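The values are calculated or read from the model by the stated rules, or taken from the named source; none is laboratory data. Please read all numbers here as calculations on a predicted model, not as lab measurements. With ideal geometry, Cβ positions are generated from the backbone for all residues, glycine too; neighbour counts draw on all protein chains shown. For accessibility, only protein heavy atoms count, side chains too; no ligands or nucleic acids. Shrake-Rupley method; radii C 1.70, N 1.55, O 1.52, S 1.80 Å.
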Amino acid sequence: MADLKNGLTYADAGVDIDAGNEMVNRIKPLVRATRRPGADGEIGGFGGLFDLKAAGFSDPVLVAANDGVGTKLKVAIESGIHDTVGIDLVAMCVNDLVVQGAEPLFFLDYFATGKLDPEQGAAIVGGIAKGCTDAGCALIGGETAEMPGMYRDGDYDLAGFAVGAAERGQLLPSGNLEEGDLVLGLASSGVHSNGYSLVRRIVEMSGTAYDAPAPFDATRSLGAALMTPTRIYVKSLLAAIRNTGAIKALAHITGGGFPENLPRVLPQSLAAEIDLDAMSPPPVFSWLARTGGVAPEEMLRTFNCGVGMVVVAKADEADALINVLGEAGETVVRLGRLVERGEEMPGVVYQGALRL
């Protein structure tokens, strides 16, 4: 082949194949640790494989979800905390699977950056692997894209894709929701992964640096406190679904809070009546509301306010359900009940006041 005049390489254009190979070598043991029945292959192929029969399913319905973590990524980048945002990525997907009664089976990620830093990339994928382990699903593949010119130095983006399954006829919500069913709340770990455009605006208003002590928790930096990963509810909820039969519906409280997410699992004839006095929002929410002057109604439609998952259950089986969830490590609060929904009545109605 004739010599070319300029002799450019892919690395000269900003894409380092060697750095990509180094990252793959770093993450292989992390990925291997997420193996489960049905998935025991190595990453590196052109596609990931999963054997539903080996996973124990006989007549499964597949359920799929994809998501990201929004502008919480900016907090990760600006604080330099990269080892937990992968947990958020997994949580946002697998929590959406379990609310439909599905067991998460496998996960794939998409990681894009302007210039690949293998150490940073391995920290991010390490978080993804940790989230997969917590959810009981296998990390069977993904894509790492180095795209100079698309992202500024240090910036990156993440997306996640999860697939789960449930036996036919066991999907949620059930078709027998009725007036008087109890509404329970499972405590969140904090802000989770929604509302961070508002969070970042409030941090800017406060003048507090991410490496300074958190105004609401002097034991941690503000960055570390805001990077607390989203709670993964999968194992506790699957145990409750399988062992009690009391769960009729589940709602993952993400962007839009109670008023947007709860009605998604309710029939048009029913509304959820929520007692705000029963809730105990963690201090971070009080700080956000006070510092940003955010009204309670806006807090409830932007953040989870301390409740990351809502459970609708049979009233006469609620005590047994609460015991199972408590034994699985969940903090459970009785939030209210389902009521008949009148004409022009919203899907969620409140009693009491949010204690911020």
Checklist entry - Among the residues of the range 94-101, is there at least one that is more than 14 Å from the chain's Cα centre (by Cα) and under 22 Å from Pro173 (Cα atoms)? => result yes
Checklist entry - Which of (1) touching a residue at least 24 places away in the same chain (Cβ under 8 Å); (2) crowded, with 17+ Cβ neighbours inside 10 Å does Arg201 not meet, given it meets every other one? => result (2)
Checklist outcome for this item: Taking the range 68-125 and keeping only residues that are on the phi > 0 side of the Ramachandran plot and either in contact with a helix residue (DSSP H, G or I) (Cβ under 7 Å, 6 or more places away or on another chain) or crowded, with 24+ Cβ neighbours inside 10 Å (or both), one is left with Gly70, Gly101
Next on the checklist: Checking the structure you have, find out if any residue of the range 267-280 is within 21 Å of the chain's Cα centre (by Cα), closer than 18 Å to Leu354 by Cβ and outside any loop (DSSP other than H, G, I, E, B).
Outcome noted: no
Checklist entry - Considering Val61, Val15, which residue is in contact with a Lys or Arg (Cβ under 8 Å, 6 or more places away or on another chain), outside any helix (DSSP H, G or I) and in contact (Cβ under 8 Å) with a residue 12 or more places away in the chain? => result Val61
Next on the checklist: farther than 30 Å from Leu49 by Cβ and open to solvent by 30 Å² or more (accessible area, probe 1.4 Å): which single residue out of Ala209, Ala214 fits that description?
Outcome noted: Ala209
Next on the checklist: Just to confirm my filter: which strands (runs of 3 or more DSSP E) fall fully inside the range 303-356 and include at least 2 residues that are of a type in the set (S, T, N, Q) and at pLDDT 95 or above?
Outcome noted: none
Checklist entry - Has the range 218-232 got any residue that is within 27 Å of Ser79 (Cα to Cα), free of Cβ contacts under 8 Å to residues at least 24 places away in the same chain and of a type in the set (S, T, N, Q)? => result yes
Checklist entry - Among the residues of the range 216-241, how many are part of a helix (DSSP H, G or I) and touching a Gly at 6+ places or on another chain (Cβ under 7 Å)? => result 4
Next on the checklist: Checking Leu182 against (1) in contact with a Phe, Trp or Tyr (Cβ under 6 Å, 6 or more places away or on another chain); (2) in contact (Cβ under 8 Å) with a residue 60 or more places away in the chain: exactly one of these is not met. Which one?
Outcome noted: (1)
Checklist entry - Taking the range 45-100 as the search range and keeping residues that are closer than 25 Å to Ala240 by Cβ and polar (S, T, N, Q), which one is modelled with the lowest pLDDT? => result Ser58
Item to check | Residues located in the range 325-355, provided they are small (Gly, Ala, Ser) and surrounded by 15 or more Cβ atoms within 10 Å (Cβ to Cβ) | outcome: Ala328, Gly336, Gly347
Checklist outcome for this item: Inside the range 126-167, the number of residues satisfying the requirement of being of a type in the set (Asp, Glu) and either open to solvent by less than 60 Å² (accessible area, probe 1.4 Å) or under 14 Å from the mean Cα position of the chain (by Cα) (or both) is 4
Checklist outcome for this item: Output for Cβ contacts, cut-off 6 Å, separation at least six or different chains, first residue under 29 Å from Asp40 (Cβ atoms) in the range 139-157, second open to solvent by 50 Å² or more (accessible area, probe 1.4 Å) and in a strand (DSSP E or B), reads Gly141/Leu108; Gly142/Leu108; Glu143/Tyr110
Next on the checklist: The conditions are (1) more than 23 Å from Ala76 (Cβ to Cβ); (2) open to solvent by 10 Å² or more (accessible area, probe 1.4 Å); (3) in contact (Cβ under 8 Å) with a residue 60 or more places away in the chain; (4) basic (Lys, Arg), and Lys248 fails exactly one of them. Which is it?
Outcome noted: (2)
